[in-house]
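The structure under discussion appears below in the form of structure tokens.
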Amino acid sequence: MKKHGPWTIKRTRRVYKNELMEISEDEVVKPNGEEGKYATARLADGAGVLALDEEGFVYLVKEFRYALGREDVEIVGGAIDEGEEPLAAARRELREELGIEAKMWTELGRATHSTSMVNSFSTLFLARGLSFTEKEEDSGEVLETVRMPFAEAVGKALGGEFVHATTCVLILRAREYLEKNS
């Protein structure tokens, strides 16, 4: 048995594991003393990038999202490879997904989602000083580049049209950063 905050974990069973995800189920004693089960997912940490050009346009990706069963517009992002630094992962993902390289990188902190059940952080970056090259897409990705005015992206994040939490957080943090540092 192991204390875990106000919970006690009696036993842990790995339900599933691959290179990006591990799902575990714990037999627990809840804070109120009742016994039960609690499932958690551990996902590979990631990096997210919002690319902003000198004209005030951002570059996003539209991609079919299997879990949602539909296309979604999101920031560039992906898993950090073992031994890779978050900035290196961000550079790689931006080049692979959009064919963009950037001269100026600003880290805007980390974010996570569904913290009651998912353990995974994304390190967020604003990329500027853009140059364009060929995409280096993964074989499993079909991506469409979406270019829009930054103000429109902010409106979509605030208005609920963008639903990907990390996308919304990064867009709003970028707006705050740019307002304070321009």
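Beta carbons closer than 6 Å, at least 6 apart along the sequence or on distinct chains, pair a first residue in region 94-109 that is under 12 Å from Gly48 (Cα atoms) with a second that is modelled with pLDDT under 95 for Glu97/Leu143. Here Ala174 fulfils each of the conditions (1) more than 16 Å from the chain's Cα centre (by Cα); (2) surrounded by 16 or more Cβ atoms within 10 Å (Cβ to Cβ); (3) over 23 Å from Leu43 (Cα atoms) apart from (1). For region 95-145, the tally of residues that are at pLDDT 95 or above, among the polar types (S, T, N, Q) and more than 15 Å from Gly77 (Cβ to Cβ) stands at 2. The numbered conditions (1) touching a Phe, Trp or Tyr at 6+ places or on another chain (Cβ under 9 Å); (2) surrounded by fewer than 17 Cβ atoms within 10 Å (Cβ to Cβ); (3) not in a strand (DSSP E or B) are all true for Cys168 except (2).
Considering region 113-143 alone, what residues qualify as being among the hydroxyl-bearing types (Ser, Thr, Tyr), free of Cβ contacts under 8 Å to residues at least 40 places away in the same chain and part of a strand (DSSP E or B)? The answer is Ser131, and nothing else.
Within the set Leu20, Leu87, Leu52, the sole residue that is surrounded by 12 or more Cβ atoms within 10 Å (Cβ to Cβ) and at pLDDT below 95 turns out to be Leu20.
Taking the criterion of being of a type in the set (D, E, K, R) and within 21 Å of Ala90 (Cβ to Cβ), the residues of region 128-182 that qualify are Arg128, Glu134, Lys135, Glu136, Glu137, Asp138, Glu141, Glu144, Arg147, Arg173, Arg175, Glu176.
Yes or no, residue by residue, for (1) within 27 Å of Glu161 (Cα to Cα); (2) of a type outside the set (D, E, K, R):
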site: Asn32; (1), (2): no, yes
site: Asp53; (1), (2): yes, no
site: Gly69; (1), (2): yes, yes
site: Ile100; (1), (2): yes, yes
site: Leu130; (1), (2): yes, yes
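The values are calculated or read from the model by the stated rules, or taken from the named source; none is laboratory data. Since the model is a prediction, treat every value here as computed from it, not as a measurement. FYI the Cβ positions are ideal-geometry reconstructions off the backbone, even for glycines, and counts take in every protein chain you see.
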